[in-house]
Structure formats: structure tokens, C-alpha cells
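Please treat every number below as a calculation from the coordinates, not as lab data. As the structure is a computational prediction, the values presented were derived from the model and not from experiment. Neighbour counts run over all protein chains shown; Cβ positions are idealised from the backbone, glycine included.
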Amino acid sequence: MKVLMLNGSARPNGNTHRALVEVGEQLKKEGIDYEIVNLGVKPILDCVGCGQCSQKGCVFGDEDGVNEFIQKAREADGFVFGTPVYYAHPSGRIQSFLDRVFYSSGAVFAFKPGAAVAVARRGGTSASFDVLNKYFGISRMPIIGSTYWNLVHGAAPGEAEQDAEGLQTMRNLARNMAYFLKCQAAGREAGIPLPETERTSRTNFIR
Ligand SMILES: Cc1cc2nc3c(=O)[nH]c(=O)nc-3n(C[C@H](O)[C@H](O)[C@H](O)COP(=O)(O)O)c2cc1C
């Protein structure tokens, strides 16, 4: 089993990465592999709502890694999306990236567990955590929690190391994710089918 993680920071070795590694190393102890995809500094285009992605995948191609991430997601069993907090919201780059991932391929994530992690010097973590959780909630994904909301504090790279409670929250999150994945595998083994989903009825306007 494998958990795919996304680091929404431009810094591949910053505090968000540190938080994700804490989750990943605990997952490994539970017998589950992990991979962290770092968004880095490359430009990431916003979704333009062209609607062509349902047939062809995101039309912007592969330069910023969206379609490659979707391929990895097909193989993954669970997800952790980590973001630094910028002005009390997730990084612009992770939002642009995930809008395109989910708008084009939300079904890839259905029934696979997800967890959001927000990392900040001081404020805006809860709001950022909420934003990332919304990708899971609309995609039929069980959301994995911990012993606190999944938050880690630190400003300069390396400072997350001092947030003992934050790192503990990451380890407990990993334990909960591992438990869920093992239960899900046991359910599959026992022949429990995935739930049916009704065809979406769009009632956002009156015909
Ligand atoms: C543009 C920008 C905006 C930021 N806004 C906030 C903020 O609203 N609240 C906060 O506590 N920290 C804020 N920070 C600090 C980062 O969240 C913090 O340094 C975090 O550890 C960065 O994670 P990273 O090392 O993974 O990049 C901001 C940093 C930047 C660059």
C-alpha cells in the first residue's frame, strides 16, 4: 500500500516537507510506503474552466506535473496534501494545482482516504486546513484526522522540529491513516463492495 503526498511549498526542504516526512516515516513503521511530490518553484497554471479535461485530462499538458500527479494518484491508496499558510490560506500554487487535478480527475480519488496538513509560523492554519479538506469532501473521500487538527508551526526552514505537539499530531495522523487503509483492505478481502453513487442531479438553477 502507498500514500501519495503533495508538498504545496516552493521549498522542498521547508517546514511543510518536514511535517510530511513525519507522517511518512510513521506510515513506513506501519508497513505502508509513501512518496512526496514537491511542487517546487515552477510556474503552475490556474484552471481556466475550459471543461475539456473530462475527455482528455488537463489541456495544459505536463510541464507543471498535474497529469503526472494524476497518474501517480491512480496507483495510490491514500493521500496527504500539505501546504504552507500564506495570508491565512493555502499556497496559491497548491490551490491552482489541486483545482486542475480534481476538476479533471476527481473520480480517481473516490473512496480513498485523504488528510490535509497546514504549516504556519502562527496564524491561518485552520482556514487553510479547511480549504484543503474541501477537495476530499466533494470527491467521496474519507477524511483522516488526528489528536489535533493537522497543523505544524514553524517559520524558517527547520523550525517545525521544535513543534513537538505538531509532529506528534503528524505521527498519530499516520497511525490513523494506516489503520483505515488496513480496514479498507480487509473489507475488500471480505467482499464488501464500494457504495453505489447516484447519478449527480444538478439543481443549482431552475430549468
Ligand atoms: C507569502 C507568505 C505569506 C505567509 N503568510 C503567513 C500567514 O498568514 N500566517 C503565518 O502564520 N505564516 C505565514 N507565512 C509563513 C509560512 O507559513 C511559514 O514560514 C511556513 O513555515 C512556510 O512553510 P515552508 O517552509 O514549507 O515553505 C507566510 C509566508 C509567506 C512566504
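Can you run down the residue pairs with Cβ atoms below 8 Å, 6 or more apart or on separate chains, where the first is in region 181-207 and over 30 Å from GLY31 (Cα atoms) and the partner is among the acidic types (Asp, Glu) and in a loop (DSSP other than H, G, I, E, B)?
none
Among the residues of region 107-129, what is the count of those that are outside any helix (DSSP H, G or I), touching a Leu at 6+ places or on another chain (Cβ under 8 Å) and surrounded by 14 or more Cβ atoms within 10 Å (Cβ to Cβ)?
So the count comes out to 7.
Here is a yes/no grid of residues against (1) within 13 Å of the chain's Cα centre (by Cα); (2) touching a residue at least 12 places away in the same chain (Cβ under 8 Å); (3) over 22 Å from TYR148 (Cα atoms):
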site: GLY31; (1), (2), (3): no, yes, yes
site: VAL37; (1), (2), (3): yes, yes, yes
site: ASP46; (1), (2), (3): no, yes, yes
site: ALA88; (1), (2), (3): no, yes, no
site: PHE109; (1), (2), (3): yes, yes, yes
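On the given criteria, is VAL152 under 20 Å from GLY14 (Cβ atoms) and in contact with a Ser or Thr (Cβ under 8 Å, 6 or more places away or on another chain)?
Yes.
I'd like to verify a number: residues in region 156-171 that are free of Cβ contacts under 8 Å to residues at least 60 places away in the same chain and surrounded by 10 or more Cβ atoms within 10 Å (Cβ to Cβ), how many?
5
For region 66-93, which positions are surrounded by fewer than 19 Cβ atoms within 10 Å (Cβ to Cβ) and in a loop (DSSP other than H, G, I, E, B)?
Result: ASP77, TYR87, ALA88.
Quickly run through region 107-136 and pick out the residues that are of a type outside the set (A, V, I, L, M) and within 16 Å of the ligand (Cβ to nearest atom).
Those that are of a type outside the set (A, V, I, L, M) and within 16 Å of the ligand (Cβ to nearest atom): ARG121, ARG122, GLY123, GLY124, THR125, SER126, SER128, PHE129, ASP130.
Mind checking whether some residue in region 175-188 is more than 14 Å from the ligand (Cβ to nearest atom), surrounded by fewer than 18 Cβ atoms within 10 Å (Cβ to Cβ) and part of a strand (DSSP E or B)?
Looking through region 175-188, none of the residues is more than 14 Å from the ligand (Cβ to nearest atom), surrounded by fewer than 18 Cβ atoms within 10 Å (Cβ to Cβ) and part of a strand (DSSP E or B).
Look through region 10-44, keep the residues that are of a type in the set (S, T, N, Q) and within 16 Å of the ligand (Cβ to nearest atom), and return whichever of them is surrounded by the most Cβ atoms within 10 Å (Cβ to Cβ).
Ranking the qualifying residues of region 10-44, first place goes to THR16.
Could you list, in sequence order, all residues of region 130-142 that are among the β-branched types (Val, Ile, Thr) and surrounded by 15 or more Cβ atoms within 10 Å (Cβ to Cβ)?
Result: VAL131, single match.
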